[in-house]
Amino acid sequence: MNCRASILATTNPKGHYDLDKTLSENTGIGTPLLSRFDLIFVLVDSPDNAERDGKIATFLLNHAINGSMASKKAAAAAKKNDTTNR
């Protein structure tokens, strides 16, 4: 049986991420399991740029809030249309 699946996985390092260690050592995930993934991206957040972190957090929160408001407005408009079309 031919089967395909997409998996998105995230993990945090054990403590702080050490650039001198392998991904397997940093995460505690064995190499055999890591080899099952086609693509692996390591994102390291360095604590030395608080201004940049603040801008990213503000951007994400604004998009989450605006997206939530847009969904509520769309749901309210759909409900209004549904009741007027009856």
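For residues that are in contact with a Leu (Cβ under 8 Å, 6 or more places away or on another chain) and assigned to a loop (DSSP other than H, G, I, E, B), tally how many sit in the stretch 1-31.
Selection size over the stretch 1-31: 1.
Here is a yes/no grid of residues against (1) assigned by TED's automatic domain parsing to the domain that holds Asp18; (2) at pLDDT 85 or above; (3) in a helix (DSSP H, G or I):
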| site | (1), (2), (3) |
| --- | --- |
| Leu33 | yes, yes, yes |
| Lys55 | no, yes, yes |
| Thr58 | no, yes, yes |
| Leu61 | no, yes, yes |
| Asn66 | no, no, yes |
| Met69 | no, no, yes |
| Ala74 | no, no, yes |
| Ala77 | no, no, yes |
| Asn81 | no, no, yes |
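Out of the residues in the stretch 35-53 meeting the condition of being in a helix (DSSP H, G or I) and exposed (fewer than 10 other Cβ atoms within 10 Å of the Cβ), tell me which one is modelled with the highest pLDDT.
Within the stretch 35-53, the match that is modelled with the highest pLDDT is Glu51.
Going residue by residue through the stretch 54-62, is there one that turns out to be over 23 Å from Ala5 (Cβ atoms), of a type outside the set (Phe, Trp, Tyr) and surrounded by fewer than 10 Cβ atoms within 10 Å (Cβ to Cβ)?
No: zero hits.
The values are calculated or read from the model by the stated rules, or taken from the named source; none is laboratory data. Since the structure is predicted, the reported quantities are computational estimates derived from the model, not experimental observations. Quick reminder, even Gly has a Cβ in these numbers, built from the backbone with ideal geometry, and neighbours come from all protein chains shown.
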